[in-house]
């Protein structure tokens, strides 16, 4: 069942391009004040940063996408090989399938091509209210030799799935227990509807190491589940939520407010290196992207690498054109303005 669902998700994302149609990530509301005299050389721009204890050569994460099928294995290896070559981070798709059927573990195991990257395992947080406890979380991390664990929050998606896991009651305490018990950092992320200031404050109190906002404005999982719906009624229910969620730009600002010291990953509708620069200037420590890499990952690692190089070049030029030489300065720049 998990394998079929993962295949469905992959095929829909590749074939249907299920993006939000009206709601955007909100980044178009912001612009950098161009500096015609930047007073630096392009070669001086340094993109390296630290994230969750590891040095990245650019503040980029290839966000969690897939695993658990043969097609997914090829995609994950292509993503990981490119991440290794460019020195960026990567998350894998939910490891639930491999925990339930260990013969699928190899579809997530990428260390053979990416020994040095910041690699994050991934499980649905709601599973902690069903069959999982910190032991399964530990197994997921060990299974792929990960540096940390993503627990994803997807209440709307679970409601739209047939037989979805919809008991999110008292989940915060279970997340806290995982944070206490695991020796590696725990990241909590949405899957595309954003994290509010209230939720950020709750997660900070539970001890999470980072929050990935995964805001609205990119891939719409209500659209994806609408395409999967076996009954017209559920297709219409999914459609009612087509424009639901907190846009990425707004979610980053809310998380900064709710959890001021929190490490933030800005994702959801990030499509260019200029977008990456904007989310960092809004207060994120790094930017996450999935959709832009999916199609290249079905081709080869060099196709993923080419896309990464494009994004890195755009980010570097954006920083140069506002006279900024490192990522820390970019986070504090007064040169990102909200359009009136």
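Considering each of 52, 77 in turn, give the residue that is within 19 Å of the chain's Cα centre (by Cα) and more than 22 Å from residue 265 (Cβ to Cβ).
Numbers: 52 fails: more than 22 Å from residue 265 (Cβ to Cβ).
Going through 52, 77 in turn, the sole match is 77.
Taking into account only those residues within the range 283-319 that are farther than 23 Å from residue 217 by Cα and in a loop (DSSP other than H, G, I, E, B), which is nearest to the chain's Cα centre (by Cα)?
Residues of the range 283-319 farther than 23 Å from residue 217 by Cα: 298-303, 305-306, 309, 313, 316-317, 319.
Add one more test, that the residue is in a loop (DSSP other than H, G, I, E, B), and what stays is 298-300.
Values: 298: 19, 299: 21, 300: 21 Å.
Among them, the one singled out is 298.
Within the range 325-337, can one find any residue that is under 16 Å from residue 211 (Cβ atoms) and in contact with a helix residue (DSSP H, G or I) (Cβ under 8 Å, 6 or more places away or on another chain)? Before the answer, list the steps.
First, pick out the residues of the range 325-337 that are under 16 Å from residue 211 (Cβ atoms): 331.
Those still in the list that are in contact with a helix residue (DSSP H, G or I) (Cβ under 8 Å, 6 or more places away or on another chain) too: 331.
Within the range 325-337 (the criterion being under 16 Å from residue 211 (Cβ atoms) and in contact with a helix residue (DSSP H, G or I) (Cβ under 8 Å, 6 or more places away or on another chain)), the answer is yes, since at least one residue qualifies.
What is the one condition in (1) crowded, with 16+ Cβ neighbours inside 10 Å; (2) within 21 Å of the chain's Cα centre (by Cα) that residue 260 does not satisfy?
(1)
Out of (1) within 18 Å of the chain's Cα centre (by Cα); (2) surrounded by fewer than 21 Cβ atoms within 10 Å (Cβ to Cβ); (3) not in a helix (DSSP H, G or I), what's the single condition that is false for residue 37?
Every listed condition holds for residue 37 apart from (1).
Within the range 55-74, which residues are within 24 Å of residue 183 (Cβ to Cβ) and more than 17 Å from the chain's Cα centre (by Cα)?
Of everything in the range 55-74, just one residue is within 24 Å of residue 183 (Cβ to Cβ) and more than 17 Å from the chain's Cα centre (by Cα), namely 55.
Considering each of 27, 56, 23, 52 in turn, give the residue that is in contact with a helix residue (DSSP H, G or I) (Cβ under 7 Å, 6 or more places away or on another chain) and in contact (Cβ under 8 Å) with a residue 12 or more places away in the chain. Talk me through it step by step, then tell me what you get.
Values: 56 fails: in contact with a helix residue (DSSP H, G or I) (Cβ under 7 Å, 6 or more places away or on another chain); 23 fails: in contact with a helix residue (DSSP H, G or I) (Cβ under 7 Å, 6 or more places away or on another chain); 52 fails: in contact with a helix residue (DSSP H, G or I) (Cβ under 7 Å, 6 or more places away or on another chain).
27 is the lone residue from the list that is in contact with a helix residue (DSSP H, G or I) (Cβ under 7 Å, 6 or more places away or on another chain) and in contact (Cβ under 8 Å) with a residue 12 or more places away in the chain.
Could you identify the single residue in 258, 283, 268 that is in contact (Cβ under 8 Å) with a residue 60 or more places away in the chain and at positive phi?
Numbers: 258 fails: at positive phi; 283 fails: in contact (Cβ under 8 Å) with a residue 60 or more places away in the chain.
One residue alone meets the criteria, 268.
Kindly indicate whether any position in the range 103-113 is touching a residue at least 40 places away in the same chain (Cβ under 8 Å), under 28 Å from residue 315 (Cα atoms) and in contact with a strand residue (DSSP E or B) (Cβ under 8 Å, 6 or more places away or on another chain).
no
Of 252, 280, 265, 270, which residue is touching a strand residue (DSSP E or B) at 6+ places or on another chain (Cβ under 8 Å), in a loop (DSSP other than H, G, I, E, B) and crowded, with 24+ Cβ neighbours inside 10 Å?
Values: 252 fails: in a loop (DSSP other than H, G, I, E, B); 280 fails: in a loop (DSSP other than H, G, I, E, B); 265 fails: in a loop (DSSP other than H, G, I, E, B).
Going through 252, 280, 265, 270 in turn, just one is touching a strand residue (DSSP E or B) at 6+ places or on another chain (Cβ under 8 Å), in a loop (DSSP other than H, G, I, E, B) and crowded, with 24+ Cβ neighbours inside 10 Å: 270.
Does the range 320-329 hold any residues that are surrounded by 15 or more Cβ atoms within 10 Å (Cβ to Cβ), touching a strand residue (DSSP E or B) at 6+ places or on another chain (Cβ under 9 Å) and either at pLDDT below 95 or in a helix (DSSP H, G or I) (or both), and which are they?
Once the filter is applied, which keeps residues that are surrounded by 15 or more Cβ atoms within 10 Å (Cβ to Cβ), touching a strand residue (DSSP E or B) at 6+ places or on another chain (Cβ under 9 Å) and either at pLDDT below 95 or in a helix (DSSP H, G or I) (or both), the range 320-329 yields only 327.
Which of the residues that make up the range 52-70 are crowded, with 23+ Cβ neighbours inside 10 Å and assigned to a strand (DSSP E or B)?
Residues satisfying the conditions are 56, 60, 61, 62.
Of the residues that sit in the range 220-243 and are surrounded by 17 or more Cβ atoms within 10 Å (Cβ to Cβ) and in contact with a strand residue (DSSP E or B) (Cβ under 9 Å, 6 or more places away or on another chain), which one is nearest to residue 28 (Cα to Cα)?
By that ranking, first place goes to 220.
Being in a loop (DSSP other than H, G, I, E, B) and farther than 12 Å from residue 265 by Cβ is the filter here, so list the residues in the range 202-215 that pass it. It would help to see each step written out before you state the result.
First pass over the range 202-215, keeping only residues in a loop (DSSP other than H, G, I, E, B): 207-209, 213-215.
Within the range 202-215, just 207 meets the criteria.
Only residues that are outside any loop (DSSP other than H, G, I, E, B) and buried (at least 19 other Cβ atoms within 10 Å of the Cβ): list them for the range 186-201, please.
Within the range 186-201, the first condition is being outside any loop (DSSP other than H, G, I, E, B), and the residues that meet it are 186-190, 197-201.
Passing the criteria: 186, 187, 188, 189, 190, 199, 200.
The values are calculated or read from the model by the stated rules, or taken from the named source; none is laboratory data. As the structure is a computational prediction, the values presented were derived from the model and not from experiment. Don't worry about glycine lacking a Cβ; one is built from the backbone with ideal geometry, like all the others, and counts go over all protein chains shown.
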